[in-house]
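Undergrad: Take a look at this one; I'll ask things after.
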There are 4 protein chains.
Amino acid sequence: MLTNTRRTRIEWCDCDPAGIIFYPRYFEMFDTSTTMLIERALGMKKIEYLKAYGFAGHPVVETRARFRIPTRYGDEVEIDTALIECGRSSFKLQHRLTKAGALAAEAAETRVWAIRRADDPQRLQSQPIPPAVLARFNRDSP
Amino acid sequence: MLTNTRRTRIEWCDCDPAGIIFYPRYFEMFDTSTTMLIERALGMKKIEYLKAYGFAGHPVVETRARFRIPTRYGDEVEIDTALIECGRSSFKLQHRLTKAGALAAEAAETRVWAIRRADDPQRLQSQPIPPAVLARFNRDSP
Amino acid sequence: MLTNTRRTRIEWCDCDPAGIIFYPRYFEMFDTSTTMLIERALGMKKIEYLKAYGFAGHPVVETRARFRIPTRYGDEVEIDTALIECGRSSFKLQHRLTKAGALAAEAAETRVWAIRRADDPQRLQSQPIPPAVLARFNRDSP
Amino acid sequence: MLTNTRRTRIEWCDCDPAGIIFYPRYFEMFDTSTTMLIERALGMKKIEYLKAYGFAGHPVVETRARFRIPTRYGDEVEIDTALIECGRSSFKLQHRLTKAGALAAEAAETRVWAIRRADDPQRLQSQPIPPAVLARFNRDSP
């Protein structure tokens, strides 16, 4: 199972008038964590792997999250991300965000492999994940 | 059941390099929709109802969402929000975002009534929803 | 001179732990205001005018802003935008954001007409503004 | 003169449909850079220094910026921040963001020291910077 861990900090710009993180910011962080896991799996930056495999992105089609302990600006957090399932044209990930070892937030997400439609490049459609990518997605973490 | 409908537009600033909405922006929109529903139920703006009822906010503790059809900048969308359940110190809402009548995204969320802790005003704790608020939350839409 | 006026509301998601707008959100609002002015001038949505004129966008290369009165969540504001100058491949706009008639924020920005580079479509380069666009930019507001 | 340098990465969530950074995100980054410079100068996290000096924040009242080279997701950048002037109740900073040594963006900003008004804690007013803070702001970088 592919995993990736990264550390980041909750900033003033992530927080709302209640003084705690505004929860949509967690999804921005999880999106970056997913990118970093895939970059590590494929050995390329996202801008390169989109080009190398000729696709437009891996948009989220479903997500669920629980926010257990509020985080605040200045909090150092750790995000553990795991690729937990891989289908033909979709894959699932899990994120666990901890603060000083305590679970603050967790999320699961399903993403699809999406290409631009030939008839209208501004529209997307899902597509089977290329075998070379599947092979790397099904390996253990490097 | 309290409901609220509002119309908004997906903007350039909501979209990512794939040309579609970046999904955390949906949660920003749903957060605003929740505020608007509560403002309507209580007959006050959020800045006023936080003061009137002496609390810090109604943070989301759990959410799940499905994104069915991508939206793009310039899309006019409609968001229907409903308060579907109300407990002692938490309540649940549902959002349905449609584009030209087609369901593009939907979400459910659980929120808690939160006050600042007496011992540390920078921290929050959940609190029973005031009876006056409960009475309005359990009414039908005005 | 082309002008556009729109009304919007400062939301919870725009505000920071000080309870006032987090100033980068103003630039998001001004960006949307610029889009709306150009959409009105060209009679098309942005997604359509990018395609119709074959360009990638009109990125900001310079901006300056003054924030005079803080705005807070729930504030109804009005944004007046004017196209004040139009060069060969760049143009300048001004934004004035008022709250109950009082000037709360103002900004000036310079944008360039940008196309994707033939040798690398992920890179941009500035380009002369098409004559048909110039003609509309130099008209008075419709 | 106080200075601070930090490295960060432009992410997918910072970029727009043109594939480059959406410029308001630069201001979010500069805001974090300012926080980090002040945290270093005062030897405390922002959440602590707001409490220690009893103020609500240091909002930006004026800014100007030039964006010279677009950055894209995956770009590693460096942000150099300097406190260039310090008045009675306001102070000025400069930010220079470089990519592989080339200047990509630069900004100057003026901030005020702001406290909550006694008559209405939801409103802010500027206030002289405390002498202990001034003493640290006028030192050289640690």
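The values are calculated or read from the model by the stated rules, or taken from the named source; none is laboratory data. The structure displayed is predicted, hence computed values, not measured ones. Positions of Cβ are backbone-derived with ideal geometry, glycine not excepted, and every protein chain shown enters the neighbour counts. All accessible areas refer to the heavy atoms of the entire protein, side chains included, with ligands and DNA or RNA removed. Shrake-Rupley method; radii C 1.70, N 1.55, O 1.52, S 1.80 Å.
Undergrad: Considering only residues that are open to solvent by 20 Å² or more (accessible area, probe 1.4 Å) and of a type in the set (A, V, I, L, M, F, W, C), which ones fall in the stretch C:1-28?
TA: Selection gives C:MET1 alone.
Undergrad: Let me ask something else. In the list D:PHE67, D:PHE91, which residue meets the criterion of being open to solvent by 10 Å² or more (accessible area, probe 1.4 Å) and out of contact with any Ser or Thr (no Cβ under 6 Å at 6 or more places or on another chain)?
TA: D:PHE67
Undergrad: Give the stretch C:76-88 a look and list any residue that's open to solvent by 30 Å² or more (accessible area, probe 1.4 Å) and within 30 Å of B:ILE47 (Cα to Cα), or say none.
TA: C:GLU76, C:GLU78, C:ASP80
Undergrad: Name the residue, out of A:ARG117, A:ARG72, that is more than 19 Å from A:PRO131 (Cβ to Cβ) and surrounded by fewer than 16 Cβ atoms within 10 Å (Cβ to Cβ).
TA: Result of the check over A:ARG117, A:ARG72: A:ARG117.
Undergrad: Can you name the condition, by its number, that A:GLN94 falls short on among (1) more than 12 Å from the chain's Cα centre (by Cα); (2) more than 7 Å from every other protein chain (Cβ to nearest Cβ)?
TA: Here A:GLN94 meets the rest and fails (1).
Undergrad: Related question: Conditions first: (1) within 12 Å of chain A (Cβ to nearest Cβ); (2) modelled with pLDDT of 95 or more. B:ILE69 passes all but one, so which condition is the exception?
TA: (2)
Undergrad: Can I ask one more? Please verify whether C:GLY74 is modelled with pLDDT under 95 and on the phi > 0 side of the Ramachandran plot, treating the condition exactly as stated.
TA: For C:GLY74, the condition - modelled with pLDDT under 95 and on the phi > 0 side of the Ramachandran plot - is not met.
Undergrad: Considering only the stretch C:1-54, how many residues are among the β-branched types (Val, Ile, Thr) and either over 14 Å from the mean Cα position of the chain (by Cα) or at positive phi (or both)?
TA: 5
Undergrad: Select from the stretch A:95-110 the residues that are under 20 Å from B:LEU124 (Cα atoms) and polar (S, T, N, Q) and list them in ascending order.
TA: Hit for the stretch A:95-110 is A:THR98, nothing else.
Undergrad: Test of understanding: among B:ALA105, B:ALA100, which residue is more than 9 Å from every other protein chain (Cβ to nearest Cβ), among the small types (Gly, Ala, Ser) and crowded, with 17+ Cβ neighbours inside 10 Å?
TA: B:ALA105
Undergrad: How about the stretch B:1-25: which of its residues are more than 8 Å from every other protein chain (Cβ to nearest Cβ) and in contact with a Phe, Trp or Tyr (Cβ under 7 Å, 6 or more places away or on another chain)?
TA: Within the stretch B:1-25, B:LEU2, B:ILE10, B:ASP14 meet the criteria.
Undergrad: Next question, about the same structure. Given the condition more than 27 Å from C:GLN125 (Cβ to Cβ), open to solvent by less than 40 Å² (accessible area, probe 1.4 Å) and at the interface with another protein chain (Cβ under 9 Å from one of its Cβ atoms), answer yes or no: does some residue in the stretch D:33-45 qualify?
TA: Yes; the residues of the stretch D:33-45 include at least one that is more than 27 Å from C:GLN125 (Cβ to Cβ), open to solvent by less than 40 Å² (accessible area, probe 1.4 Å) and at the interface with another protein chain (Cβ under 9 Å from one of its Cβ atoms).
Undergrad: Among C:ILE79, C:ILE47, C:ILE129, which is the only one that is assigned to a helix (DSSP H, G or I) and more than 17 Å from D:PHE67 (Cα to Cα)?
TA: Going through C:ILE79, C:ILE47, C:ILE129 in turn, the sole match is C:ILE47.
Undergrad: Specify which of the listed residues (C:GLU62, C:GLU48) is open to solvent by 30 Å² or more (accessible area, probe 1.4 Å), farther than 30 Å from B:GLY57 by Cβ and facing another protein chain (nearest Cβ under 7 Å).
TA: Every option except C:GLU62 fails the conditions.
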